[in-house]
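Asker: Quick one: the structure is below, questions incoming.
The values are calculated or read from the model by the stated rules, or taken from the named source; none is laboratory data. Source: prediction; values computed, not measured. Neighbour counts are summed over all protein chains in view; Cβ atoms, including those assigned to glycine, are modelled from backbone coordinates with ideal geometry. Please note that ligands, DNA and RNA were not included when accessible areas were found on the heavy atoms of the full protein model with its side chains. Shrake-Rupley method; radii C 1.70, N 1.55, O 1.52, S 1.80 Å.
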Amino acid sequence: MNEKKVMLSGIQPSGDLHLGNYLGAIKNWAARAEEFDCYYFMADMHTITVRQTPADLRRRTLEQLAQYIACGLDPEQNTLFIQSHVPQHAELGWVLNCYTMFGELSRMTQFKDKSAKHKDNINGGLFTYPALMAADILLYQPDFVPVGEDQKQHVELTRNIVQRFNGIYGDVFKMPEPYIPKAGARVMGLTTPDSKMSKSIPEGCVFLMEKPEDIQRKFKRAVTDSDTENPIRYDPANKPGVANLMNIYSAVTGKSFEAIESEFAGQGYGKFKPAVGDAVVETLRPIREEAARILADKAYLESVYKASAEKASYVAGKTLRKVYKKIGFVSR
Ligand code: TRP
């Protein structure tokens with residue numbers, strides 16, 4: 001019997017992965033496979049709540065898978081699958097739509113934000129998306145769902161759905177917990193050190209697949225301050241740009257803040273910023289090269305996502321059959 005606790009998370013392939021995703025999350029995932037039975041999926045069905053360019057969606061979905069593997073997520077130890085390859089997501093999604101209230105969905109802040117942003121396309125999927133997300137989660141009966149702050153409300157809604165559903169039909173779904181990882185650097189934008197690194201501000205965002213010279217250029221242009229007295233010291237409240245660079249440098253080299261301060265004692269940003277850039281370039285180089293190699297090996301990539309979808313579908317099928325039976329559908 002499998003004694004490991006189950007962990008599941010989904011990531012929308014709606015943008016390219018960046019240094020914040022890597023240092024804040026993905027880097028720590030590889031180690032989890034020892035302790036947990038991990039499922040990570042590319043949430044392609046969720047991305048179409050907003051219009052996508054088909055060729056880009058296809059490319060990004062495969063790139064994301066290749067990048068996860070290159071970042072150290074071993075597909076033998078983690079189930080890395082594509083959401084649309086496992087039909088049970090859509091099937092349970094429909095069922096859970098019928099156990100999710102209009103009022104609950106109306107309170108979701110992500111719906112409010114996204115419908116304000118895409119006024120010309122406030123579609124039904126955008127509104128009912130949290131019911132599909134609940135299905136994504138509950139199909140695998142996970143103990144933990146690692147998510148960012150912005151997704152906590154959806155996990156809370158999932159918990160309400162579990163309570164409602166189990167209240168009627170008995171213990172069908174396991175109650176999932178949101179999981180906020182303890183490790184992981186919070187990486188801020190290089191040009192906006194007071195907000196998270198984000199693909200929507202590309203000049204301050206370092207993408208995993210970016211060319212070394214572009215990465216260097218972004219670090220050279222990183223926002224710091226006009227301190228010339230003792231510039232390289234860790235003081236997040238007064239020197240957020242420098243603190244962010246020190247954080248990044250520490251995360252990629254393993255050096256402590258004190259060690260970094262003494263390494264750059266008496267030197268200015270002209271020395272420090274390119275040094276951080278170099279360290280990041282060297283950290284990302286093997287990931288970029290490995291991802292490119294994997295992406296070129298279409299047969300390998302296909303073997304990974306096919307085997308994963310099969311495994312995921314086996315687990316999801318068990319849950320779905322139980323649900324269908326409970327609600328009164330004739331078994332196939
Ligand atoms: N909604 C998540 C996001 O936008 C992605 C997601 C979809 C997800 N299904 C999930 C995350 C299930 C965790 C579990 O980032």
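Asker: Taking +1 at the Cβ of each Lys and Arg and -1 at the Cβ of each Asp and Glu, which of Y39, N97, T158 sits farthest along the dipole of the chain towards its positive end, judged by Cα position relative to the Cα centre?
Answerer: It is N97.
Asker: Of K211/K239; K4/K174; K196/K220; K112/K152; K4/K196; K27/K174, which ones are farther than 21 Å apart at the Cα?
Answerer: Those over the limit are K211/K239; K4/K196; K27/K174.
Asker: By how many nm would the segment from N97 to K211 lengthen if fully extended, with 0.36 nm per residue of separation less the alpha-carbon distance?
Answerer: Net length gain for the segment: 36.7 nm.
Asker: While we're here: Once you put a point 7 Å from the Cα of K112 and another 7 Å from the Cα of D297, both along the Cβ direction, what distance in nm separates them?
Answerer: 4.8
Asker: To continue, here is another question. May I ask what percent, to the nearest 5, of DSSP beta bridges between residues of the chain are antiparallel?
Answerer: 10
Asker: Work out the charge dipole of the chain with +1 on the Cβ of Lys and Arg and -1 on the Cβ of Asp and Glu about the Cα centre, then indicate which of Y269, P240, F144 is farthest towards its positive end.
Answerer: F144
Asker: While we're on this one: Relative contact order for the range 106-242: what is it in percent, counting Cα pairs under 8 Å that are at least 6 residues apart?
Answerer: With pairs under 8 Å counted, the relative contact order is 16 percent.
Asker: A further question on this structure: Using just the C-alpha positions of the range 202-292 as equal point scatterers, what log10 of I(q)/I(0) does the Debye formula give at each q in 0.17 1/Å?
Answerer: The Cα Debye sum returns log10 ratios of -0.69.
Asker: So, one more: Roughly speaking, what is the stretch gain from E261 to E156, that is 0.36 nm per residue apart minus the C-alpha to C-alpha distance, in nm to one decimal?
Answerer: 33.6 nm
Asker: Run the dipole for the chain about the Cα centre, Lys and Arg Cβ at +1, Asp and Glu Cβ at -1, nothing else charged, and hand back the magnitude in debye, nearest 20.
Answerer: That gives a dipole near 1020 debye.
Asker: Output the relative contact order of the range 202-292, whole-number percent, from Cα pairs under 8 angstrom with separation of 6+ residues.
Answerer: Relative contact order of the range 202-292: 36 percent.
Asker: Would you please give the FRET efficiency between R58 and A237, computed as 1/(1 + (r/R0)^6) with r the Cβ-Cβ distance and R0 = 51 Å, to the nearest 0.05?
Answerer: About 0.70, to the nearest 0.05.
Asker: A further question on this structure: Specify the angular offset, from 0 to 90 degrees and rounded to the nearest 10, of the alpha carbon long axis of helix 269-296 from the longest principal axis of the alpha carbons in the chain.
Answerer: Tilt relative to the chain: about 40 degrees.
Asker: A further question follows. So what J values fall out for the range 233-245 if you push phi through Karplus, 6.51 cos²θ - 1.76 cosθ + 1.60 with θ = phi - 60°, rounded to Hz, Gly and Pro as x?
Answerer: 8, 7, 8, x, 5, 9, 10, x, x, 5, 4, 5, 5
Asker: Mind putting a number on the dipole of the range 250-322 about its Cα centre? Charges go on the C-beta only, +1 for Lys and Arg and -1 for Asp and Glu, and I need it in Debye to the nearest 20.
Answerer: Around 660 debye, computed over the range 250-322.
Asker: Find the eigenvalues of the gyration tensor of the Cα atoms of the chain, then list the square roots of 5 times those eigenvalues as equivalent ellipsoid semi-axes, largest first, in whole angstrom.
Answerer: Each semi-axis is √(5λ); the values are 39, 21, 19 Å.
Asker: In whole percent, and with a 1.4 Å probe on the protein chains, what portion of the accessible area of the chain is carbon and sulfur?
Answerer: Within the chain, the accessible surface is 53 percent carbon and sulfur.
Asker: With charges only on Cβ, +1 for K and R and -1 for D and E, what is the dipole size of the range 99-236 about its Cα centre, in debye, rounded to 20?
Answerer: For the range 99-236, the charge dipole is close to 260 debye.
Asker: May I ask you to derive the relative contact order of the range 190-243, considering only C-alpha pairs under 8 Å and at least 6 residues apart, and to give it as an integer percent?
Answerer: Rounded, it is 36 percent for the range 190-243.
Asker: For the chain, take the longest principal axis of its alpha carbons; what is the angle in degrees between that and the long axis of helix 152-169, to the nearest 10 within 0 to 90?
Answerer: It works out to around 20 degrees.
Asker: Relative to the longest principal axis of the C-alpha atoms of the chain, give the angle of the C-alpha long axis of helix 88-97, reported between 0 and 90° and rounded to the nearest 10°.
Answerer: 80
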